[in-house]
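> Please see the structure below; I have some questions.
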Amino acid sequence: MELEFKHRQAAHCENGVASNLLSNQGIEISEPMAFGIGSGLFFVYLPFVKVNHAPAISYRPLPGLIFNRLAKRLGLKVKRIKFSNKTKAQQVLENTLENGIPCGLQVGVYHLPYFPDEYRFHFNAHNLVVFGKNGSDFLVSDPVMETTTKLTAVELEKVRFAQGAFAPKGQIYYPVEIPNHIDWEKAIKKAIKKTCNDMLAPVPIVGVRGMRMVARAILKWPKKHGVPKANHYLAQMVRMQEEIGTGGGGFRFIYAAFLQEAAQKLNMPSLNDFSKEMTQIGDSWRDFAVNAARVYKKRKNGEDVYEQLSKELFDLAAREEVFFKKLKKAIT
Amino acid sequence: MKESEVPQDTSSLGENSLKELCYAVNEKGEYVTALSAGWEPKTIVQQATLDAISVRIEEAKQQVEQGIVSPIVYYMELQRMDLTTLAAYVKLWKWRVKRHFNPTTFNKLNSSILERYATVFNITIEELKTFGKR
């Protein structure tokens, strides 16, 4: 059985699945639009949580949040089911497919056979769509892949029941109710406001304040942990920023694309200028990645290189603070 | 990022690397999507991460051979896990898994506990028990 499903490659898994699932239900929505309305742009620094033996830095909100916000703002009803029983998990998936509904799934990345080695970590908040079953193989549309792929029942079970942080617990989700009319303007404005508030949040580890906290921490890393560890931390930060899913520059380019699309949809040309500015900020994030990678590669560094990186990050925080304050004003 | 500047540094990390979708601005200033074959700074940090893992695996191997830690530590590193992830996979409390890192405690483990580890590591109990002993 194979359901009709149009696969489109995306930069980020969650927006990609969201945009693909909705487009297949007749709501034409691009990935940047899904990302923007889901208020996907974010920054958080969690020095007390270690990921790959380095402090956690995330450029996106918690997994599942983007899709949930998107659904709420567009007025969709989404059904989410988690399982404790593996057999039941497969049965429900098969039944849902039989009813003609392609399903979004949360999975772990580590056991995905089609992923290259350098991406295989115990990261459990990946998303993909299953849109059919051919013999014993499930047909898979993984938004970060160029084409659709297949997983055997055993492989699928393994990734659906990956363990550890954000364990997916076999979770499936799909939209059950599609509204007749969507108020795009309201949804977009609400979403932009939320992003501005997030990035300007009066919380020391979130948004521009979080960036400043990292900027201060970078100065301390080499003294506190030694150069190899400091460089390892930097490398992990760059990975979070540039690795698969962010579309480059820690999602800044996707967000700029969203602002451009929003300018058209809301007939607000001023948003085009915001889009341009966000692109420039994204370019600066890319420069930061280039410099951080260079520090890593050279290994032996004076203290001034960390000062330089820290300064760059302070600068980015300052620019984004101005940006989101302006954007917040413009949207109300 | 301009469309013409989307990096195409073919990754040195292996041929099955995938092409990633990027958002970039074309000549008219409109956002379009473009595929990137790879980007050098990214390859550097990815290579760095893989290297760090290899170092951890090698260290664990030596420590097992010297009798400092149990083979569980080696296989945990080999599977790129940390204590939290491993404990979740074998469905044991973290403090219990930590105790099993001790070779003396490890040698006393019954086969049902060893079986759990072996299944998660995708090896036999024999392989788990004899690793590092020659």
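The values are calculated or read from the model by the stated rules, or taken from the named source; none is laboratory data. Just so we're clear, the structure is a prediction, and the values are computed from it rather than from any experiment. Cβ atoms come from the backbone with ideal geometry, glycine included; neighbour counts cover every protein chain shown.
> Out of A:289, A:317, which single residue is more than 14 Å from chain B (Cβ to nearest Cβ) and surrounded by 17 or more Cβ atoms within 10 Å (Cβ to Cβ)? First the steps, then the outcome.
Working: A:289 fails: more than 14 Å from chain B (Cβ to nearest Cβ).
Checking each option against the conditions leaves just A:317.
> So, in the stretch A:25-43, how many residues would count as being touching a residue at least 24 places away in the same chain (Cβ under 8 Å) and surrounded by fewer than 21 Cβ atoms within 10 Å (Cβ to Cβ)?
Adding up the residues that qualify gives 4.
> For the stretch A:36-44, check the following and say yes or no: at least one residue is in a helix (DSSP H, G or I), away from chain B (no Cβ under 14 Å) and at pLDDT 95 or above.
Within the stretch A:36-44 (the criterion being in a helix (DSSP H, G or I), away from chain B (no Cβ under 14 Å) and at pLDDT 95 or above), the answer is yes, since at least one residue qualifies.
Here's the yes/no breakdown for (1) closer than 30 Å to residue A:147 by Cβ; (2) at the interface with chain A (Cβ under 9 Å from one of its Cβ atoms); (3) buried (at least 18 other Cβ atoms within 10 Å of the Cβ):
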position: B:10; (1), (2), (3): yes, no, no
position: B:24; (1), (2), (3): yes, yes, yes
position: B:38; (1), (2), (3): yes, no, yes
position: B:64; (1), (2), (3): no, no, yes
position: B:74; (1), (2), (3): no, no, yes
position: B:77; (1), (2), (3): no, no, yes
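> May I pose another question? Please indicate, with yes or no, whether at least one residue in the stretch A:309-316 is over 21 Å from residue B:39 (Cβ atoms) and either modelled with pLDDT under 95 or touching a helix residue (DSSP H, G or I) at 6+ places or on another chain (Cβ under 6 Å) (or both). Explain how you work it out, then say what you get.
Pass one, the stretch A:309-316, residues over 21 Å from residue B:39 (Cβ atoms): A:310-311, A:314-315.
Restricting the remaining residues to those that are either modelled with pLDDT under 95 or touching a helix residue (DSSP H, G or I) at 6+ places or on another chain (Cβ under 6 Å) (or both) gives A:310, A:314.
Checked against the condition, which is being over 21 Å from residue B:39 (Cβ atoms) and either modelled with pLDDT under 95 or touching a helix residue (DSSP H, G or I) at 6+ places or on another chain (Cβ under 6 Å) (or both), the stretch A:309-316 yields at least one hit.
> Output the number of residues of the stretch A:158-194 satisfying the condition of being away from every other protein chain (no Cβ under 14 Å) and in a loop (DSSP other than H, G, I, E, B).
8
> Inside the stretch A:90-140, can you point out the residues that are within 30 Å of residue A:240 (Cβ to Cβ) and in a helix (DSSP H, G or I)?
Within the stretch A:90-140, A:117, A:118, A:119 meet the criteria.
> Might you let me know whether the stretch A:237-258 holds any residue that is outside the structural domain of residue A:120 (by TED's automatic domain parsing), over 22 Å from the mean Cα position of the chain (by Cα) and surrounded by 15 or more Cβ atoms within 10 Å (Cβ to Cβ)? Can you show your working first?
Step one: list which residues in the stretch A:237-258 are outside the structural domain of residue A:120 (by TED's automatic domain parsing), which gives A:237-258.
If we keep only those that are over 22 Å from the mean Cα position of the chain (by Cα) too, we end up with none.
Checking the stretch A:237-258: not a single residue is outside the structural domain of residue A:120 (by TED's automatic domain parsing), over 22 Å from the mean Cα position of the chain (by Cα) and surrounded by 15 or more Cβ atoms within 10 Å (Cβ to Cβ).
> Within the stretch A:182-196, is there a residue that is of a type in the set (Phe, Trp, Tyr) and touching a strand residue (DSSP E or B) at 6+ places or on another chain (Cβ under 6 Å)?
Of all residues in the stretch A:182-196, those of a type in the set (Phe, Trp, Tyr) come to A:184.
Next, from what is left, pick out any that are touching a strand residue (DSSP E or B) at 6+ places or on another chain (Cβ under 6 Å): none.
Looking through the stretch A:182-196, none of the residues is of a type in the set (Phe, Trp, Tyr) and touching a strand residue (DSSP E or B) at 6+ places or on another chain (Cβ under 6 Å).
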